[in-house]
1. Only one of (1) away from every other protein chain (no Cβ under 14 Å); (2) under 20 Å from the mean Cα position of the chain (by Cα) fails for A:F148. Which number is that?
2. Could you check, for segment A:162-169, whether at least one of its residues is within 26 Å of A:A425 (Cα to Cα), in contact with a helix residue (DSSP H, G or I) (Cβ under 8 Å, 6 or more places away or on another chain) and of a type in the set (V, I, T)?
3. Exactly one condition in (1) assigned to a helix (DSSP H, G or I); (2) under 25 Å from A:A271 (Cα atoms) is false for A:R427; which is it?
4. Can you tell which of A:T77, A:T84, A:T132 is more than 18 Å from A:A32 (Cα to Cα) and either of a type outside the set (A, V, I, L, M) or assigned to a helix (DSSP H, G or I) (or both)?
5. Which residues, counting only those in segment B:298-308, are modelled with pLDDT under 85 and either more than 15 Å from B:G218 (Cα to Cα) or in a helix (DSSP H, G or I) (or both)?
6. Which ones in segment A:135-155 are out of contact with any Leu (no Cβ under 9 Å at 6 or more places or on another chain) and not in a helix (DSSP H, G or I)?
7. May I ask you to verify whether A:L126 is in a helix (DSSP H, G or I) and either surrounded by fewer than 24 Cβ atoms within 10 Å (Cβ to Cβ) or of a type in the set (D, E, K, R) (or both)?
8. Is there a residue being polar (S, T, N, Q), assigned to a helix (DSSP H, G or I) and surrounded by fewer than 24 Cβ atoms within 10 Å (Cβ to Cβ) anywhere in segment A:271-281?
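The values are calculated or read from the model by the stated rules, or taken from the named source; none is laboratory data. Remember, predicted model here, so these are calculated numbers, not experimental data. Note: ideal-geometry Cβ built from the backbone for every residue, glycine included; neighbour counts use all protein chains shown.
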Amino acid sequence: MDNLNALMDGFAAILTPGNLLIALIGVTIGTAVGVLPGLGTAMAVALLLPVTYGMEPTQAFIMFGGIFYGGMYGGSTTSILLNTPGQSSSVVTVLEGFKMAKNGRGGQALATAAIGSFVAGTIATLALVFVTPVTVQFAITLGAPDYFAIMVLALVATASVLGSSRVRGFASLLVGLVIGTIGIDAVTGQQRLTYGVAELASGVDVIIVAVGIFAVGEALWTAARLKTDAGSVIPVGKVWMGKSDWKRSWGPWLRGSALGFPFGAVPAGGAELPTFLSYITERRFSKHKEEFGNGAIEGVAGPEAANNASAAGTMVPMLALGLPVNATAAVMLAAFQNYGIQPGPLLFEKQSALVWTLIASLFVGNLLLLVLNLPLIPVWVKLLRIPKPYLYAGILFFASMGAYAVNAQPFDLFLLLTLGLVGLAMRRFGLPVLPLIVGLILGPMAERQGRMSLQLSGGDLTGLIGGPTSWTIYAIIALIALWPLVGLIKRRAARDRVAVAA
Amino acid sequence: MKFHRRAFLSAAAAVPALAAASACGVTADDAGGDGGGPLTGLRIMVPNSPGGGYDTTARSIARIMEDEAIAKGIEVFNLEGAGGTVGLQRTVSESGNGELAMQMGLGVVGASYTQNSEAKLTGTTPLAKLVEESGAIVVPVNSPYQSIDDLVAAWSADLAGVTVGGGSSPGGPDHLLPMQLAGAVGIDPTKVNYVSYDGGGELLPALLGEKISFGASGVGEFIDQIDAGQLRVLAVSGAERVSLVPDAPTLVESGIDLEFTNWRGWVAPPEIEDADRDKWIDALTAMHDSAAWQEELEKQGWTDAFVTGDDFAQFLEEQDQRVADVLTELGLA
């Protein structure tokens, strides 16, 4: 209950008109940065650092908190409306989000993303209040074998979303894995598949692949069929969520939050993995399986909740250990140090008032985000009324800008176009896109953790098996793999009984 | 609410203090070189992500230059990629541009080899070395190693079993330190089991969770965990002991012939006008002489290591050669 009292003091400290204004500025900037492709929240916070030197630390962190949450939310807008993910954590949102927009349900997609982000942000911030010490203890026990087990779990789960044709699904997965191996190998420092091209040495950025395959690929595909389908404008239906939308969103929001928070809180977790797992979970357990791939609201609600919950989760190691697990947290840490505050194991004791004010400001920022964004949805959705040729021209423009902004390398534009052609070919030949993206993100992570496990065990294969946490995960994997078999045996037994009875 | 007041007061106090500093000698005219007031139109490139060490250094310097009226409207921008060599390539290709400087350090020297970059730091115009930081050999508090001797004995006996972690990829400072340490104690560096973590953020939990035998890092990186008694420093790698961890001996004191420091500095594109080079060096000198910079050094735990122009160029060449030797031996360059 001490925590609760401290949090109330935090609220008392920030609920002044001046602070609320700062929070509002923060979430507005955050949303804008999230919407503009290629601009990251880390960059926004870094640019604003000098501005905040004149403020009190509390006010600075109110602003940073707003930017942080705002950025996570804003990324969903371009994913849904323009098929262009602004950051890797909103790549999965594209899958169902843009399909919903094309079916005239862009408003509902944006709304479920906004409300889901709010719900997840609130739940995860509450978790931050109550379980930080426990989470941190657990996070430290995790090692490379445990992360490797999580990657294996994610890859096994992917098998369930390979699409109607297993061969095509695996082909797509392998293309993703191959793209993922491009660049310098982190363990040995050797170059792989770079063919002497210096720009490939640091690998291919996930954003460029996702934007190329999704946005450019889709634009080319649409252009290729424009002759037969020229005049049609994307319908814009009702903007608000109906009763069934609410009913179908609640579950994914809660499950997404539950997945996102722990991944954010562990040092090598990240925001991408929970969005995949959320999508895969929703797809597997949905009552509307047939809608997946054609704009299922669960596929937007879950991942968007997951990435916001993960954002809140990253605050756990930052505040409790002084560990920056992503770039934005790193800039915030630098800001802490600028105020002469040393984050780390002693922060909660030494600067508890500041910490609780920061946490309270996360709650307030989260609420402001919802208030700010819900009324904007009808405005955003109007974008879709633009006739297709112009709309897709705009998408291409945004996609190129976003891809260029990642590293400011002209080579990336060439890469974007090439990947766009790959995306076009995949659509033409019916290859599903999701396995490619999963392979691209999971492949390098799994490889790194797997090899790290082996390094840590001195090359002994048992090093891969790890400890209790990884055993639990492998047990879950076994369950997933064996479940269909159990069903099969049951059905066979039932049939035998019927046969005997007859 | 003590900290609010303290931070507020120091911010308020900083302004008159800075004004006083510039009144006694460090004037805008001195800094400008040609006597035309604060410099304008300067751009500083940071070759890695916002929030990293280079970024913090560059932005602190830019802020102090603004506050001291040495320069006005400095633009600091990040151009990430390939361990800093994307930025290096850009700097080299901006030949003759007198308005651009690049923040760099030992990590970029290493990356220019491991990333097979055509651009090398020896092809730039060195401006100044600014700060340096001693490295540290750290172990979890429950580790059996009480001294660097314990560690070296165990390490020599079991090369695969003793794992060393660092927050940089091969070629970075945390990698170069254990490799040079191995060389100095007669261990074959190619046999060292080095686990590369993605920055200090990933290295710390591995140390706390005792996943690795020891870690190599900058001495300031885990100071809070050291203070809290969760980590132990076996040795620092610089020439002298570090005030943050006064009890930790240097490697030389421990009988190992190795001095290793990470450092950061600024370089400019090649073939710039002498006047431009002098302009930058004067501006950095004025910045270095300010009270605000001394305050910043203390706050960030950086060691002053100010060297400019030709001396820095010579230093850079030596470092380049040393890094090239280590990485060639490892087959990485």
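1. The one condition A:F148 does not meet is (1).
2. So in segment A:162-169, the residues within 26 Å of A:A425 (Cα to Cα) come out as A:162-169.
Filter once more, so that each one left must be in contact with a helix residue (DSSP H, G or I) (Cβ under 8 Å, 6 or more places away or on another chain): A:162-163, A:169.
Filter once more, so that each one left must be of a type in the set (V, I, T): none.
Checking segment A:162-169: not a single residue is within 26 Å of A:A425 (Cα to Cα), in contact with a helix residue (DSSP H, G or I) (Cβ under 8 Å, 6 or more places away or on another chain) and of a type in the set (V, I, T).
3. (2)
4. On the way: A:T77 fails: more than 18 Å from A:A32 (Cα to Cα); A:T84 fails: more than 18 Å from A:A32 (Cα to Cα).
Being more than 18 Å from A:A32 (Cα to Cα) and either of a type outside the set (A, V, I, L, M) or assigned to a helix (DSSP H, G or I) (or both) holds for just one of A:T77, A:T84, A:T132, which is A:T132.
5. Within segment B:298-308, B:E298, B:K299, B:Q300 meet the criteria.
6. At the first step, the residues of segment A:135-155 found to be out of contact with any Leu (no Cβ under 9 Å at 6 or more places or on another chain) are A:137-138, A:141-142, A:146-147, A:152.
Once the filter is applied, which keeps residues that are out of contact with any Leu (no Cβ under 9 Å at 6 or more places or on another chain) and not in a helix (DSSP H, G or I), segment A:135-155 yields only A:L142.
7. yes
8. Initially, segment A:271-281 is screened for residues polar (S, T, N, Q), giving A:275, A:278, A:281.
In the following step, the residues that additionally are assigned to a helix (DSSP H, G or I) were identified as A:275, A:278, A:281.
Filter once more, so that each one left must be surrounded by fewer than 24 Cβ atoms within 10 Å (Cβ to Cβ): A:281.
Checked against the condition, which is being polar (S, T, N, Q), assigned to a helix (DSSP H, G or I) and surrounded by fewer than 24 Cβ atoms within 10 Å (Cβ to Cβ), segment A:271-281 yields at least one hit.
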